[in-house]
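The values are calculated or read from the model by the stated rules, or taken from the named source; none is laboratory data. This one's a predicted model, so the numbers in the text were calculated from it and none came from an experiment. Positions of Cβ are generated from backbone atoms using ideal geometry, with glycine treated the same way; all protein chains shown enter the neighbour counts.
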Amino acid sequence: MIQLGYYTTTAAFFIALLGIGLAIFASAKKRNDAYEAARNAVVACAFFTTIGAVAVVYAMLVGDYQLEYVWAHSDRDMPLLYKIGALWGGQAGSLLFWGFLLAVYSSIAVMRHRKDRLELMAPAIATMLVVIAFFLGTVTFASSPWDRASFIPPDGRGLNPLLQHPAMVIHPPCLYLGFVGFTLPFAFAMGALVSGRTDAEWLKKSRVWSIIAWTFLGAGNILGGRWAYVELGWGGYWAWDPVENAAFMPWLAGTAFIHSAMIQERKGMLKIWNMVLVTITFLLTIFGTFITRSGLISSVHSFAQSSIGYYFAGFLIFLMIAAFGLILMRRKELSSAQQLDSFFSRESSFLLNNLILLGGCFAVLWGTIFPMISEAAQGVRISVGPPFFNQIMIPIGLALLLLMGVGPLVPWRRSSIAGLKKLFSIPVVLALIAGALLLLLGVSHAYALVTFSICAFVLVTIVTEFARGIRARQSSSGTGVLRSLFDLFAKGQRRYGGYVIHLGVVIIFVGFAGAAFTRDGEGTLRRGESLEFHGYTLTFRELLQNKLPGVDEVSAEVMVSKGQTPLAFLYPQKNFFKKSEQLASEVAIHSTWGYDLYLVLGDYADDGGSASFKVYVNPLVRYFWFGGIVMVFGGLLVLWPMPRRGALAT
């Protein structure tokens, strides 16, 4: 089975090369037989890479520790779920997993669009296969999960303890599905540029794949934040780590592309801009993979330093030259016949949204690569920490939040000042009232007060849009509220699903604002002693020790009370993984809609008589997780197949 995995992965690489040649030939000669063969090559790549990925998982399950990759990332005592997750727990396996997902994604796409015209699809398939071939070639020749050791160890080292968390079984696949998914819109864009078909057809093909990729990438970022929150023990969920940034940047650029694409589909404008946006989004997915595997950055998320970064750097340069060269070559065909009619229009708000999103993306990119630039230029690595990112990204985030409320209310083409006053008077007044009430309640932190007020403004605009749509449906069809709401989604799925996404973002910003009121402290307690902290009483009761086959667990039992009322027992842990000889913490959290009480076990006496604790009170964190769920749900609503208009009347 293991040898079969190696041979099928290698075969998939050469099939991808053959498919590239067939697709180029089909595009140049307009040969349908070559086009069909290239399409079949994509499906064959998916089939063979699936066998390769399954073979690695099989090796993990049976414990073939002669494979260095299996030995380094699994052991006999690991739970089944983590043995499967070990496929993407290391560099070689993650690259194979990427190639597998991309091949499967691409095969679904070519089958979905199998009846589409050769002119656009053949170069698009060639682009997909170029990316597939790169990843499979890297797995085959540079970073192989099939390398064997000179002897068979009795057991493996086990997966990195930090990765042994349920969120890390779901988080990387979600990120990869997002990264990989943006290959398809890029491929359709390259197909349009090569074929000269620069109308909105490629955008229509890209729409579903862009939203799928964006939704998965957003879910992956949220899950990554959850993992960091419960596993790393520093009290937060986002530290502007370079690898976090690598996943956040394409999400920002992809958000800009999805919004900008609406303008081209509706008005035929921003053709060059959309080509640039989809290219930037895809290039950022490759760049993120490059920095995590090049050894150029230091991160708890990154892989070990290796020469594989040079392959990614070369591939990234090749893609930039090819893509922007094609855009430059087709710049005349991409010119727009229409121009913006007014600054006070939805088109203008979308364009401003794009500029701010890209500005934020560039700020994150600059902060991420600046340490590398400073080291190359001066020989000294100057680190860029959260204060830099927060200083820039908080105003950018608030501006984007404000635009989420402005955009839906502003009409297309143009609007008068009087019309805008009428549209915005109620949301603005209610937002000011909300801000004043919060100020009276003692909320004096400037950014938090502004954030809550803008959240109120956007929430009112979302509710207004739904209420207006429901009233219109009731007036025209006489249906009830729920049926009218269903009809809204059926007839305006992208629009109202987008409003649900906006609602999720509003809730996320409520969670962000809560971080302004975080409090932390620490103390050492003897058994039976208590610590008073911001209204909570923490009583250290005892130290518990548990020896398992692969790990020694030490946990502290802490009773949490408020006043005279017991709330919960918390058990923060220190776990020593014997095979990898690594220590990892497990935090304990008492969570409510108002606050999280977040407890970390520090040092402790061997006899269990005393222990040190780090404690945080984190307000409104639950809103961040809930907002993420709502945002992803909105993305699924946009994608979910709804009944056609004819079916609604039956």
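For the stretch 434-529, the helices (runs of 4 or more DSSP H) that sit wholly inside it and include 1 or more residues that are loosely packed, with under 14 Cβ neighbours inside 10 Å are 446-477, 481-491.
Among the helices (runs of 4 or more DSSP H) confined to the stretch 104-222, the ones with at least 3 residues that are touching a Pro at 6+ places or on another chain (Cβ under 9 Å) and on the phi < 0 side of the Ramachandran plot are located at 183-195.
Among residues of the stretch 625-646 being within 26 Å of the chain's Cα centre (by Cα) and outside any helix (DSSP H, G or I), the one that is modelled with the highest pLDDT is Trp640.
Are any residues in the stretch 530-555 under 22 Å from Thr518 (Cβ atoms) and in contact (Cβ under 8 Å) with a residue 40 or more places away in the chain, and if so, which ones? Residues satisfying the conditions are Leu531, Phe533, His534, Tyr536, Leu538. The one condition from (1) crowded, with 16+ Cβ neighbours inside 10 Å; (2) without any contact (Cβ under 8 Å) to a residue 12 or more places away in the chain that Ile396 does not meet is (2).
The condition of being in contact with a His (Cβ under 6 Å, 6 or more places away or on another chain) and surrounded by 22 or more Cβ atoms within 10 Å (Cβ to Cβ) holds for only one of Gly224, Gly254, that being Gly224. Regarding the stretch 72-91, can at least one residue be identified that is part of a helix (DSSP H, G or I) and of a type in the set (Lys, Arg)? Checking the stretch 72-91: at least one residue is part of a helix (DSSP H, G or I) and of a type in the set (Lys, Arg).
The set of residues in the stretch 500-555 being of a type in the set (Val, Ile, Thr) and farther than 26 Å from Thr464 by Cα consists of Thr518, Thr524, Thr537, Thr539, Val551, Val554.
Residue-level check: of (1) under 21 Å from the mean Cα position of the chain (by Cα); (2) surrounded by 14 or more Cβ atoms within 10 Å (Cβ to Cβ); (3) at pLDDT 85 or above, Phe303 misses just (3).
On inspection, Ala337 qualifies as modelled with pLDDT under 95, aliphatic (A, V, I, L, M) and farther than 30 Å from Gly89 by Cα.
Taking (1) over 27 Å from Ser210 (Cα atoms); (2) in contact (Cβ under 8 Å) with a residue 40 or more places away in the chain; (3) in a helix (DSSP H, G or I) in turn, Trp98 satisfies each apart from (1).
Considering only the stretch 16-34, I want to know if a residue exists there that is closer than 23 Å to Ala92 by Cα, free of Cβ contacts under 8 Å to residues at least 40 places away in the same chain and assigned by TED's automatic domain parsing to the domain that holds Gln66. Reasoning before the result, please.
From the stretch 16-34, those closer than 23 Å to Ala92 by Cα are 16-17; that's our starting set.
Now drop any that are not free of Cβ contacts under 8 Å to residues at least 40 places away in the same chain, which leaves none.
No, there is no match, as no residue in the stretch 16-34 is closer than 23 Å to Ala92 by Cα, free of Cβ contacts under 8 Å to residues at least 40 places away in the same chain and assigned by TED's automatic domain parsing to the domain that holds Gln66.
Considering only residues in the stretch 70-89 that are surrounded by 23 or more Cβ atoms within 10 Å (Cβ to Cβ) and out of contact with any Gly (no Cβ under 8 Å at 6 or more places or on another chain), the one that is nearest to Asp155 (Cα to Cα) turns out to be Lys83.
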